[in-house]
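Written below as structure tokens is the structure these notes are about.
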Amino acid sequence: MNHLAVIMDGNGRWAEKRHLPRLMGHRAGAEALDRCMHYCKAAGIRYLTVYAFSTENWKRSQEEVSGLMKLLSSYISSKEKTLVKEGVRFRVIGRRSDLSEKLQKEIAALEEKTKAGDFTLIVALSYGGRDEIVRAALRFAEEYGRNSSFIAQHASLEAAFGSFLDAPDVPDPDLIIRTSGECRTSNFLLWESAYSEYYFTDALWPDFDQAEFDKALESYSKRERRMGGRLK
Ligand code: FPP
């Protein structure tokens, strides 16, 4: 497997079960993300995409939204050295112009400093799959109006369109895991997940450990991926 994507759900419930503020659940979720990155590297996976903040998450209480933004900002400043040392390339997908200018600058600086990494961590921030497709469609239309011949430089019309998505060079996810028992895609990687396998677990994201990771990979290894084709 090349690319794993995760909908890190259940941080709030994890905290509530312990009578802690929701933000403590998100902090524990950030630690679970660090652990998951190590499991991925050990398993030879090269890309990990995580859903950290959706276009809908802005509707949460102001306290939770600003707490999450602070958590992201402190993650970026505290992890810089470790990410560089461990060869992790940090990237962000989503509507970054929604984020504060300070956070946008911190993200751009970390992306630049880690660009030589050979393992890629992609964080979806103010991200919605429909929003990504609509933004790509606008850019596609703009380019088409200027010079429609660019399509011929791609293998197909879909590949030409895909080149306007947020991380066009990243292969599609092979497996998408959602924790906490919810069985929805919630607007995550709509275009990129066309042929992805899904795995749902009741574990809450902060409890997602090596045993859970191994179960997900074992389930994936038994799937027969035909990608719309036929068995020989
Ligand atoms: C969903 O759980 C989780 C989120 C909306 C936030 C995920 C964010 C992190 C794990 C923070 C760390 C990320 C980085 C990149 C540092 P929920 O709050 O919807 O949980 P609930 O359904 O139990 O309420």
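When Y75 is tested against (1) at pLDDT 95 or above; (2) more than 10 Å from the ligand (Cβ to nearest atom), only condition (2) is not met. Contact map, the range 14-33: first residue closer than 15 Å to F53 by Cβ, second residue near the ligand (Cβ under 8 Å from one of its atoms) and open to solvent by 50 Å² or more (accessible area, probe 1.4 Å), Cβ cut-off under 6 Å, separation 6 or more or different chains; the map is empty. If you go through the range 38-71, how many residues are in contact with a Leu (Cβ under 6 Å, 6 or more places away or on another chain) and more than 19 Å from E106 (Cα to Cα)? Of the residues in that region, 3 qualify. Flag: A43 does not match the condition of being in contact with a helix residue (DSSP H, G or I) (Cβ under 8 Å, 6 or more places away or on another chain) and within 11 Å of the ligand (Cβ to nearest atom). Within the range 187-211, the only residue that satisfies the criterion of being without any contact (Cβ under 8 Å) to a residue 24 or more places away in the chain and of a type in the set (D, E, K, R) is D202.
Has the range 167-179 got any residue that is modelled with pLDDT of 95 or more, within 16 Å of the ligand (Cβ to nearest atom) and open to solvent by 30 Å² or more (accessible area, probe 1.4 Å)? Looking for residues that are modelled with pLDDT of 95 or more, within 16 Å of the ligand (Cβ to nearest atom) and open to solvent by 30 Å² or more (accessible area, probe 1.4 Å), one finds none in the range 167-179, hence no. Residues in the range 18-35 that are more than 10 Å from the ligand (Cβ to nearest atom) and in a helix (DSSP H, G or I) were compared, and the one that is farthest from V6 (Cα to Cα) is M24.
Any residue at all in the range 107-115 that is more than 10 Å from the ligand (Cβ to nearest atom), over 27 Å from L217 (Cα atoms), at pLDDT below 95 and among the polar types (S, T, N, Q)? No, the range 107-115 has no match at all.
For every residue, the table says whether it meets (1) among the acidic types (D, E); (2) free of Cβ contacts under 8 Å to residues at least 24 places away in the same chain; (3) within 16 Å of the ligand (Cβ to nearest atom).
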{"site": "Y51", "(1), (2), (3)": "no, no, yes"}
{"site": "L125", "(1), (2), (3)": "no, no, yes"}
{"site": "A136", "(1), (2), (3)": "no, no, no"}
{"site": "A155", "(1), (2), (3)": "no, yes, no"}
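Among the residues of the range 1-17, those that are within 11 Å of the ligand (Cβ to nearest atom), open to solvent by less than 70 Å² (accessible area, probe 1.4 Å) and not aliphatic (A, V, I, L, M) comprise D9, G10, N11, G12, W14.
Does the range 198-216 contain any residue that is in a loop (DSSP other than H, G, I, E, B) and in contact with a Leu (Cβ under 8 Å, 6 or more places away or on another chain)?
no
The numbered conditions (1) assigned to a helix (DSSP H, G or I); (2) of a type in the set (F, W, Y); (3) open to solvent by less than 60 Å² (accessible area, probe 1.4 Å) are all true for F164 except (1).
The values are calculated or read from the model by the stated rules, or taken from the named source; none is laboratory data. None of these values were measured; they are calculated from a predicted model. Quick reminder, even Gly has a Cβ in these numbers, built from the backbone with ideal geometry, and neighbours come from all protein chains shown. Heavy atoms of the whole protein, side chains included, go into the accessibility calculation; ligands, DNA and RNA do not. Shrake-Rupley method; radii C 1.70, N 1.55, O 1.52, S 1.80 Å.
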